[in-house]
Every structure is written in structure tokens, then in C-alpha cells.
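Undergrad: First the structure, then my questions, so here it is.
The values are calculated or read from the model by the stated rules, or taken from the named source; none is laboratory data. This is a predicted model, so every value here is computed, not measured. These area figures cover heavy atoms from the full protein model, side chains too; ligands, DNA and RNA do not enter into them. Shrake-Rupley method; radii C 1.70, N 1.55, O 1.52, S 1.80 Å.
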Amino acid sequence: QGELVESGGGLVQPGGSLRLSCVASGSIFSGNPMGWFRQAPGKWRELVASVTSTGSTGYAPSVKGRFTISRDNAKNTVYLQMNSLKPEDTAVYYCDALGIDGESGNYYHLGYWGQGTQVTVSS
């Protein structure tokens with residue numbers, strides 16, 4: 001069974017920045033697209049950013065232009081740079097490896113889930 005360890009969350013004021021990191025075991029990371037998800041209280045877990053093994057990225061409309069996902073394949077690590085943070089970005093952030101639905105082309109999570117890292121945006 002693989003392992004994911006997220007870090008980098010914290011309390012930040014609106015307009016501030018944070019950089020999240022997720023270290024994955026090689027069996028999870030190698031060759032797989034990776035994604036950052038978030039879950040706010042009372043809401044579904046949502047995919048906010050994805051990156052393929054070759055570096056192609058995708059973003060949810062709510063974070064596009066503010067968040068940047070990247071990966072370091074040598075370190076089995078995926079990052080999420082979050083700028084211009086808003087109170088509605090407050091959530092627990094998780095990373096996971098992604099599969100691709102053969103019919104729709106949509107991503108789905110593979111379910112490895114780490115412990116998550118809390119991001120709180122508040123003045």
C-alpha cells in the first residue's frame with residue numbers, strides 16, 4: 001500500500017500565500033497524474049488542481065489564476081502554490097493519485113489519501 005504525506009498548511013490572512021507539499025511513495029507517484037483536493041466542512045471533497053506525469057496542468061474555475069500545481073518527479077513530490085487566498089479557500093487539502101475514466105476522460109481519485117493539511121484563510 002502506498003503512502004501520501006501532505007504538509008504546508010496553516011493560518012493566513014486574505015490575500016496571502018501558502019505552498020503545500022505532498023510526498024508520495026514511488027508506487028503511487030510514478031507515471032500517474034496527481035491531484036490536489038480540498039474538503040470544507042459540510043461539503044464534498046473537490047478536485048482543485050491536477051498535473052500529469054509530463055507536467056500538463058488543470059484547475060477548477062474557482063482557483064484558476066491563483067493556484068499553481070507542479071511536481072518534482074525526482075523527489076516524488078507534488079506542490080500547490082496558493083496565492084491571493086480567500087476565506088472560501090478554507091478547507092483540509094489532500095493529494096492523491098488520479099486515474100482517467102476511459103469513456104469520459106475525466107479524472108477520478110485512486111483513494112490513497114494522506115492525513116491532509118488544514119488551510120485556514122481568515123483575518
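Undergrad: Give the separation of the Cα centroids, region 3-68 to region 84-121, in Å.
TA: Their Cα centres are 6 Å away from one another.
Undergrad: For region 63-117, what ratio Rg/Rh do Cα atoms give with a Kirkwood hydrodynamic radius?
TA: Ratio of gyration radius to Kirkwood radius for region 63-117: 1.00.
Undergrad: Give me the percent of DSSP beta bridges within the chain that run antiparallel, rounded to the nearest 5. All intermediate terms of the calculation are to be shown ahead of the outcome.
TA: On the way: 36 of 39 bridges.
In the chain, DSSP labels about 90 percent of beta bridges as antiparallel.
Undergrad: Mind jotting down the three principal axis lengths of the chain based on Cα atoms? Whole angstrom, largest first.
TA: The principal-axis extents, from largest down, are 41, 30, 26 Å.
Undergrad: While we're here: Would you mind calculating the relative contact order of region 1-90 from Cα pairs under 8 angstrom and at least 6 residues apart, reporting the percent as a whole number?
TA: Relative contact order comes out at 31 percent.
Undergrad: Would you list, by chain and number, the lysines whose Cα falls below 26 Å from the Cα of K75, excluding same-chain residues fewer than 8 positions away?
TA: K64
Undergrad: Here's a follow-up. Less than 19 Å apart at the alpha-carbon level, and either on another chain or at least 8 residues along: which lysines does that give for K43?
TA: Partners found: K86.
Undergrad: With a probe of 1.4 Å, find how much accessible area the chain has per residue, and write the answer as a whole number in Å².
TA: Numbers: 6370 Å² over 123 residues.
Per-residue value: 52 Å².
Undergrad: Ignoring ligands, DNA and RNA, please state the percent of accessible area on the chain from carbon and sulfur, probe 1.4 Å.
TA: 48 percent
Undergrad: What ranking of D96, D72 comes out by heavy-atom accessible area, probe 1.4 Å, highest first?
TA: The most accessible residue leads, giving D72, D96.
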